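Inspection log for the structure reproduced underneath, given as C-alpha cells.
The values are calculated or read from the model by the stated rules, or taken from the named source; none is laboratory data. These numbers were taken from a predicted model, which means no experiment stands behind them. Cβ placement follows ideal geometry from the backbone for every residue including glycine, while neighbour counts extend to all protein chains displayed. Just the protein is used for accessible areas: all its heavy atoms, side chains included, with ligands, DNA and RNA removed. Shrake-Rupley method; radii C 1.70, N 1.55, O 1.52, S 1.80 Å.
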Amino acid sequence: MSPSTQSIGFKRKRDESPDIGAPSLLTTSDMGIVKKTEQIMKRVNASIETTEITDQSMVTLKSYIVEAISKISFENRKKTTIGIFGKSGEGKSTLLSSILGKEDLLPSGNFGACTAVVSQVEANLSDSNYTAEIEFISQEEWEKELQDLVSVLSDDSEDRDDNMRICAVEKLTALYGEDAHKKTLEELIIMDICVEIDNLLTNNNITISKLNASEFADEVACFIQHSESSPGGWYWPLVKSVKIQIPNCRELLEHIVLIDLPGSGDCNKIRDDLWRSKLRDCSSVWVVSVINRATTDKGPWEMLKHCIEELGPGGECKSINFICTMTDDINPKAYCRSARLPDTISVADCILHRNVYTKNKMKDKFEDLNPGLKKLMEKFSMDVFTVSSKAFFEQNPVVQKPDTEIPKLQDVLKNHNKSINQELDRDYINEAKGVLSLIQSFLPSTDEAVVQKKAEFLDDLKKNLNEALNELDCQFVIIQNNLDQCLSNGVLESVQQSLENARTEVIERTTDNRGYHKILQALCKNNGSYKSKNREVILDLNNCLARPMKKNINEEFSIIFPVNEKTEKSIQEHLDKFSIIQRNKTYPRSSMFHHIQNFIKTQETKLKASCSREILKKKKEMYALIETTIQTKMTPCYGKAANVKGKGSFMKMQKILTETIESLKEEMFSKVKEEVLKKFRTLKLYIKDYMESELNQSIELFLLTTNTTFLDVSREIEDLEKLSNQLSE
C-alpha cells in the first residue's frame with residue numbers, strides 16, 4: 001500500500017523551490033470546502049504561471065498543469081431530471097409552486113396544457129430574476145403543421161378522426177382566436193397575428209426575465225396555457241419547449257430539473273422526439289393525480305405502461321412516486337358515510353383517513369398489475385404521497401403543514417441535492433489533490449535508488465495498462481456475445497410473432513370499422529403511434545413490433561446497464577475494477593512514487609466517470625434504436641396507408657400494413673440487431689481507446705526529464721487532506 005503523505009514526513013523545501021507565500025486558507029471559517037479548494041488551486045496556478053521556466057520539458061509540464069487546474073470544475077455536470085406526469089387540472093402547477101414555496105408562480109390548472117410542450121423548471125443560480133427561455137418550432141414545421149390542421153378540419157367524410165379534429169380546433173382557436181377553425185388556410189395566413197407569429201418563429205427563441213414573480217407569471221402564461229373563454233394570442237402551439245428558472249431555490253433545485261411530461265404522440269415529430277429523449281433522461285418520475293380519482297383513473301397507469309421501457313431498460317429511472325393532490329378537497333359528511341366512519345370526526349381526520357386509504361389502495365393496484373408490467377416496475381423504488389398545496393399556504397389550514405406532505409417532497413429534493421453536492425465536492429477535492437501530486441512528484445529526489453527505479457516503475461505502469469485493457473476487452477467480448485444471443489432470439493421471435501401481435505393489438509383490434517378506421521388512419525399519419533386526447537387510448541405499432549426484441553434483451557440490458565445497483569456482469573463493474581496501479585511489486589518508500597500513484601489514481605477515477613456517462617448515453621441510444629429502426633423501415637408504408645381514402649379504405653389500410661410487415665420482417669428485425677450491436681461496438685472502442693490514450697499521456701508526463709527545481713506544494717496537499725477529512729465528517 002502506498003504510504004500516506006503524513007507518513008512520508010516531507011516538508012516544504014524553501015531553499016529549493018519557489019514559495020507560494022500565502023497563509024493557509026483553512027483558517028477562513030466562513031468559506032465552503034470547495035471554495036477553499038478553489039482558492040488554494042488559484043494560488044498554486046498563479047505561482048506556476050509567474051514562474052520563469054526555460055527547460056523545454058518543464059514548459060510542457062507547466063502547460064499541462066495550468067490546463068488541468070482550469071478544468072477542475074463540476075459546472076458542466078448534467079443535472080438530475082425528475083419527470084412529472086399528469087393531466088391538466090390535476091394540480092401539477094400548484095404542486096410545483098408549493099414545493100418551491102412561491103404561491104401562484106405557475107399558471108394554475110393549465111401548466112403544460114398543450115400535450116406537445118415540454119416544460120422544465122430549474123434554479124436560477126446567476127441572479128434574482130424569474131426567467132423563461134422559450135424555444136419555438138421552425139417556420140417550416142409550423143407551415144406544414146398548419147396545413148395539416150386545416151386539412152383535418154376540412155375533412156367532412158364520415159370516417160374523419162374526431163380526436164385529431166378536436167386537437168386542431170384547440171390549437172387554431174388558441175392561437176388565431178374564435179372561429180379560426182372555420183377559416184381557410186388563405187384566411188389564416190393574412191390575419192394580423194401572423195406578423196407576431198413570423199417574428200417568434202424567425203427568432204426561434206425568446207427570453208422573459210422579471211424580478212417580480214407575479215409579473216413573470218402574467219407574461220409567460222400565453223406560452224404555456226390558454227383560456228377557452230378568451231381565445232386568440234395563446235402561443236403554445238408554436239412552442240417546442242419552455243425552460244423556467246426560479247431564483248432563491250438553490251437548496252431545492254441546484255442540481256435538479258423538474259420536467260412536465262404531459263404526453264407524446266403529437267403530430268409534430270420534433271416535439272415527440274424531444275418528449276422521448278427527456279423521458280429517457282429522467283432519474284425519477286412523479287405521477288400526479290387528484291386524490292378522488294387516483295385509485296380509479298386508468299390514465300396514469302396507461303401512460304406508465306406506454307413508456308415504462310423508456311424509463312427502465314432504455315433510460316436511467318430509479319424511482320416512481322405517485323402523488324395524490326387536493327387532499328383537502330373533501331365533503332366530510334359524504335366521506336364519513338361512504339367510509340362508514342362516525343360523522344362526529346373532524347375534517348382533518350377525514351382527510352388523514354382518506355390519505356392512508358389511498359396510499360394502501362395505490363400499493364394494492366401495483367400488486368394487481370399484469371405480470372409483464374409488474375416485472376418491469378419492480379426494478380424501481382416506489383412511494384405514494386398525499387399532498388395539499390392549498391393547505392400548505394393557508395394561515396389556518398385544516399391540516400397541519402407536515403400532513404400536507406409538501407415538506408416531505410421538499411426534503412426529497414433537498415436530500416438529493418445534498419447528496420449530489422457531497423459527491424461533487426469529493427470529486428473536486430480529489431481531482432485537485434491529483435494535480436498537486438503531479439506537481440509534487442517532480443521535486444528532485446536525493447535517493448539514488450528511487451531515481452534508478454523510476455524508469456522501471458513507469459515501464460510497469462505501461463505493462464499494467466496493456467494487461468488491464470486486454471482484460472477489459474475479454475469482458476466486452478463476453479458481454480457482446482451474450483447480447484448477440486439475446487438479439488438473435490429476439491429476431492427469431494419477432495419474425496414468428498410480430499405480424500400476429502400487430503394484427504390483434506393494432507391493425508385488426510376491433511371489428512368496428514367505422515370508428516376504428518379513423519384511429520388507424522391517424523396512427524399512420526403519425527408514423528405508427530396514436531393517443532386519444534384523454535389518453536385513455538394509446539396505440540403504438542412500432543412499439544408493438546419491437547416488443548419481442550425488447551422482451552428478449554430487457555433482462556440482459558438490466559445486467560449490462562443496471563440503474564439502481566451494479567451487477568457482476570455489468571460494464572460498470574468491469575470498469576470499476578480497471579486499474580494500472582501496481583499491487584504486487586515493492587518499490588522504495590518514496591514521496592515521488594506515492595505522488596505518481598496518487599495522480600494516476602485520480603486520472604483513473606476521472607476517466608471512469610467520463611466513461612460512465614458515455615455508457616449511459618450509448619445504452620439509451622441502443623435501446624431507442626430498436627424502435628426507431630422499425631419506424632424508419634415502416635415509414636413509407638405509413639405514408640401510403642394514410643393516403644388511402646374512399647370505399648373499402650379500412651381494409652386497404654389493413655392490407656398495406658400486414659403485407660408490409662410480412663415482407664419486411666426478416667430484413668427489418670435483422671437490421672435492428674445489426675444496429676444495436678454496431679452501437680455496442682462503438683461504445684467498446686470508445687472506452688478502450690479513451691482509457692489507453694489518456695493514461696498513456698499521464699504516464700508519459702513522468703518521462704519528462706529536467707534539472708530544474710519545480711514548485712513545492714506539500715503544504716497545499718496537507719490543506720486539501722484536511723478539507724477532505726472535513727467533508728468525510
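Quick notes on this one:
- Residues located in region 668-689, provided they are charged (D, E, K, R) and in contact (Cβ under 8 Å) with a residue 12 or more places away in the chain: LYS671, LYS673, GLU675, LYS679, ARG681, LYS684, LYS688
- Leading residue by the ranking (modelled with the lowest pLDDT) among those in region 30-56 that are closer than 24 Å to LYS418 by Cβ and of a type in the set (Asp, Glu): ASP30
- Looking only at region 663-707, and only at residues there that are within 26 Å of the chain's Cα centre (by Cα) and aliphatic (A, V, I, L, M), the one that is nearest to SER445 (Cα to Cα): MET691
Conditions (1) modelled with pLDDT of 90 or more; (2) closer than 30 Å to LEU436 by Cα, marked per residue:
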site: ARG535; (1), (2): no, no
site: MET549; (1), (2): yes, no
site: GLU573; (1), (2): yes, yes
site: PHE578; (1), (2): yes, yes
site: ARG589; (1), (2): no, yes
site: ILE600; (1), (2): yes, yes
site: THR605; (1), (2): yes, yes
site: SER612; (1), (2): yes, yes
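- Just one residue in the set ILE630, ILE580, ILE626 is in a loop (DSSP other than H, G, I, E, B), surrounded by 20 or more Cβ atoms within 10 Å (Cβ to Cβ) and either in contact with a Pro (Cβ under 6 Å, 6 or more places away or on another chain) or not small (Gly, Ala, Ser) (or both); that residue is ILE580.
- Boolean, VAL59 is among the hydrophobic types (A, V, I, L, M, F, W, C), modelled with pLDDT of 50 or more and loosely packed, with under 15 Cβ neighbours inside 10 Å: yes
- Checking each residue in region 426-452 for being touching a residue at least 40 places away in the same chain (Cβ under 8 Å) and more than 15 Å from THR602 (Cβ to Cβ) picks out PHE442, LEU443, PRO444, SER445, ASP447, ALA449, VAL450.
- Any hit, region 551-566, residues being crowded, with 19+ Cβ neighbours inside 10 Å and over 30 Å from ALA468 (Cβ atoms): yes
- Checked against the criterion of being exposed (fewer than 13 other Cβ atoms within 10 Å of the Cβ), touching an Asp or Glu at 6+ places or on another chain (Cβ under 7 Å), of a type outside the set (Gly, Ala, Ser) and in contact (Cβ under 8 Å) with a residue 40 or more places away in the chain, the candidates THR207, THR202 yield just one match: THR207.
- Here the condition is being of a type in the set (Asp, Glu), over 30 Å from LEU100 (Cα atoms), in contact with a Pro (Cβ under 9 Å, 6 or more places away or on another chain) and surrounded by 13 or more Cβ atoms within 10 Å (Cβ to Cβ); of GLU170, GLU141, it holds for GLU170 alone.
- Residue within region 67-81 that is modelled with pLDDT of 90 or more, within 29 Å of the chain's Cα centre (by Cα), closer than 30 Å to ILE259 by Cβ and open to solvent by less than 30 Å² (accessible area, probe 1.4 Å) present: yes
- Tabulated pairs, region 621-640, first on the phi > 0 side of the Ramachandran plot, second open to solvent by 50 Å² or more (accessible area, probe 1.4 Å) and in a helix (DSSP H, G or I), C-beta under 6 angstrom, 6+ apart or interchain: none
- Cβ-Cβ under 7 Å pairs, at least 6 apart or on other chains, region 482-497 side closer than 18 Å to PHE561 by Cα and acidic (Asp, Glu), far side in a helix (DSSP H, G or I) and at pLDDT 95 or above: ASP484/LEU677
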